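The values are calculated or read from the model by the stated rules, or taken from the named source; none is laboratory data. Keep in mind that what you see is a predicted model, and the values were worked out from it rather than measured. FYI the Cβ positions are ideal-geometry reconstructions off the backbone, even for glycines, and counts take in every protein chain you see.
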Amino acid sequence: MLFELHAEKITNQERFWGLMNRFNLKSNMVRCLIVLSLAIAGVFFAFSAWSTQKTENECLACHLDVYRKEGSSSYKHAPFENEECNTCHLKQEDAVKGKLPRKKQIIEPIVLTNPGYLTEHDIFLKRLITGSCYDINLVFKDVQGNKVKTSLRCVIPERIQNRARKDKKLPVISGIRVVRIEEAPFLSTTIMWDTDEPSTSFIEYGLSDQYGIQSPEDIALVKHHRVNIYKLTHRKDYHFRIISRDIFGNQTVSEDCVFNTAKMTSDVTEKGEPKKLAVNNVEIFMQRKRAKTSDISLYLETSRIANVTVVECEKVKDGCANLSVGKELTIDVCRRCHPADAIGLTHPVGVAAKPTTTVPDYLPTLRGGIMTCVTCHFAHGGGRKYFARSDTISCKTCHRE
């Protein structure tokens, strides 16, 4: 009997400790799951903070000049001072989450040169997104088959000066010279000249200063020009003038020049080509700028004659696609932190100026003369309290009645 009681007691103890072990195992599993969940949550929040900071820093990558210029203001707007560009400028819920489009876009270029071998090359790239960043790769090949590659990294069309609006300067023509090249089957001559900017090549010539004969216009934009004219008559004086036009239509016409086919000599020595193919000069021009897309042109000089074999233009980064410039930015976003009931009496916004009201040029408005918060206040900060644009703003500034 005692043996049976003892055996039953041992059995009960084993059951008890078995239950305790199972409970401890489940507890340990719960603890592990809790720790793992907290670790995942920590990683998620850290990544979110890193993504937010990365997005904000990307703003400075394009607008660092603005930040440096206005960062010295005596009074700064808090989001601007803290580099929190997303607070005002972007509807950034999607941007912060990394949902802005990052699709690669390949641009089909237009190479505006003859397919032959040249030392100057013009390449047009059309319909580029104005605020996006592009990588441009070019490969040149000379007659011997040697190749050279040049790459332009992060070309942003909106940063390229729109010379079409600002450049009214005429091309400067210099170094005009006449070269005899051959007499058979017809007497022919080459006229060469230089311009200070890429321009077209065109000649008018004849036996008097009335000319009467025109060479076909070479529309390739080059700095070193070369035009052949044929079927000349022996022992005659020929008058000619040069016409060069740049990409924006600014045209220069040279003075009247004269050469005689009897006295013509080879007064220009053609230099031998350098041994190594290289790209000596790259210039980028704005051809046409629109609100969302732009057309740009590339001018390149190679050390020896070559042709363009590859042009790749790839969009690598989108611009600020959600940038707001209207009422959403200049009124609505301000109201988030500065509601009307909190700032008290102030000038109405979102209303157009009356016909009897004259708003000075230094007080910006939306189209139609609509007043906004930034009409009287700088957005990033300024030298006055409340970022006021002027110390003298009053009712009489706009209302003359």
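Every residue in the stretch 328-351 that is surrounded by fewer than 14 Cβ atoms within 10 Å (Cβ to Cβ) and either of a type in the set (A, V, I, L, M) or in contact with a His (Cβ under 9 Å, 6 or more places away or on another chain) (or both), please. First the steps, then the outcome.
Here is the first cut: in the stretch 328-351, the ones surrounded by fewer than 14 Cβ atoms within 10 Å (Cβ to Cβ) are 328, 335-348, 350-351.
Residues satisfying the conditions are 340, 342, 343, 345, 351.
Search the stretch 194-219 for residues that are in the same structural domain as residue 257 (by TED's automatic domain parsing) and in contact (Cβ under 8 Å) with a residue 12 or more places away in the chain and pair each with any residue that is among the hydroxyl-bearing types (Ser, Thr, Tyr) and outside any strand (DSSP E or B) when their beta-carbon atoms are under 7 Å apart and the residues are at least 6 apart or on different chains.
The qualifying pairs are 202/215; 203/215; 204/211; 205/211.
Residues in the stretch 210-228: is at least one at pLDDT 90 or above, part of a strand (DSSP E or B) and over 24 Å from residue 120 (Cα atoms)?
yes
Could you go through the stretch 345-359 and let me know if any residue there is modelled with pLDDT under 80, under 37 Å from the mean Cα position of the chain (by Cα) and either assigned by TED's automatic domain parsing to the domain that holds residue 81 or not in a helix (DSSP H, G or I) (or both).
Here is the first cut: in the stretch 345-359, the residues modelled with pLDDT under 80 are 345-346, 353-356.
Cutting the leftovers down to under 37 Å from the mean Cα position of the chain (by Cα) gives us 353.
Subset that is either assigned by TED's automatic domain parsing to the domain that holds residue 81 or not in a helix (DSSP H, G or I) (or both): 353.
There is at least one residue in the stretch 345-359 that is modelled with pLDDT under 80, under 37 Å from the mean Cα position of the chain (by Cα) and either assigned by TED's automatic domain parsing to the domain that holds residue 81 or not in a helix (DSSP H, G or I) (or both).
Give 322, 280 a once-over and let me know the one that is at pLDDT 85 or above and not hydrophobic (A, V, I, L, M, F, W, C). Show your work before the answer.
On the way: 322 fails: at pLDDT 85 or above.
Testing whether each residue is at pLDDT 85 or above and not hydrophobic (A, V, I, L, M, F, W, C) leaves just 280.
Of (1) surrounded by 13 or more Cβ atoms within 10 Å (Cβ to Cβ); (2) at pLDDT 90 or above; (3) in a strand (DSSP E or B); (4) out of contact with any Ser or Thr (no Cβ under 7 Å at 6 or more places or on another chain), residue 174 satisfies all except one. Which?
Failed condition: (1).
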